[in-house]
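The values are calculated or read from the model by the stated rules, or taken from the named source; none is laboratory data. The shown structure was predicted, so the numbers you read here are calculated from the model rather than taken from an experiment. Methodologically, a virtual Cβ is constructed for each residue, glycine included, from the backbone with ideal geometry; neighbour enumeration extends over all protein chains shown.
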Amino acid sequence: MQLLTNASEEGKLPRLGWIDGMTYNFKSRIEEKYKIPHIGWNFSNVILTNVFTKGYEGEIRFYFVYSYFVKINNEENSMVKTTYGLEFDSAIVNDNIFGPQLHPEKSHQFGMKRFENFEKI
């Protein structure tokens, strides 16, 4: 997902730029009480219902293991948002390009739904 954005604080080389946004390091942006890397379960909110998010209702949870997060510039590209010290985009889309910032293989029923949706494309 991070590769899909324009740039990242992780390095100096440009990314693909397929989705207008930036990848940031959690460390300099959240309170010290939050551990880095961000490891564990978080509640997420579906912002855009489409083929990738179909079937998610109510509270959904995903498992994360990351030190960086994405903020996109166009809200039309945001599918799912999550909060860990700050709100960030945890799944993004642009036409037929899709990127999740989560681990579906560790996210139990919510991850299985992600795989089922992907399989139907």
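Figure legend. Inter-residue proximity from the stretch 92-110: first residues more than 13 Å from M79 (Cα to Cα) and surrounded by 21 or more Cβ atoms within 10 Å (Cβ to Cβ), second residues of a type outside the set (D, E) and modelled with pLDDT of 80 or more, beta-carbon distance below 6 Å, spacing 6+ or different chains. Indicated pairs: S107/F62; S107/Y63. One residue stands out among those in the stretch 38-80 that are aliphatic (A, V, I, L, M) and not in a strand (DSSP E or B): the one that is modelled with the highest pLDDT, which is I47. Collect the residues in the stretch 16-30 that are surrounded by fewer than 16 Cβ atoms within 10 Å (Cβ to Cβ) and assigned to a helix (DSSP H, G or I), keeping them in residue-number order. Within the stretch 16-30, K27, S28 qualify.
In the set (1) surrounded by 12 or more Cβ atoms within 10 Å (Cβ to Cβ); (2) of a type outside the set (A, V, I, L, M, F, W, C); (3) more than 14 Å from the chain's Cα centre (by Cα), K33 fails one condition alone, (1). S44: touching a Phe, Trp or Tyr at 6+ places or on another chain (Cβ under 6 Å) and either without any contact (Cβ under 8 Å) to a residue 60 or more places away in the chain or within 19 Å of E87 (Cβ to Cβ) (or both), yes or no? So S44 passes the test. Go through the stretch 94-121 and give me each residue that's touching a helix residue (DSSP H, G or I) at 6+ places or on another chain (Cβ under 7 Å) and either basic (K, R) or modelled with pLDDT of 90 or more (or both). Residues satisfying the conditions are N94, R114.
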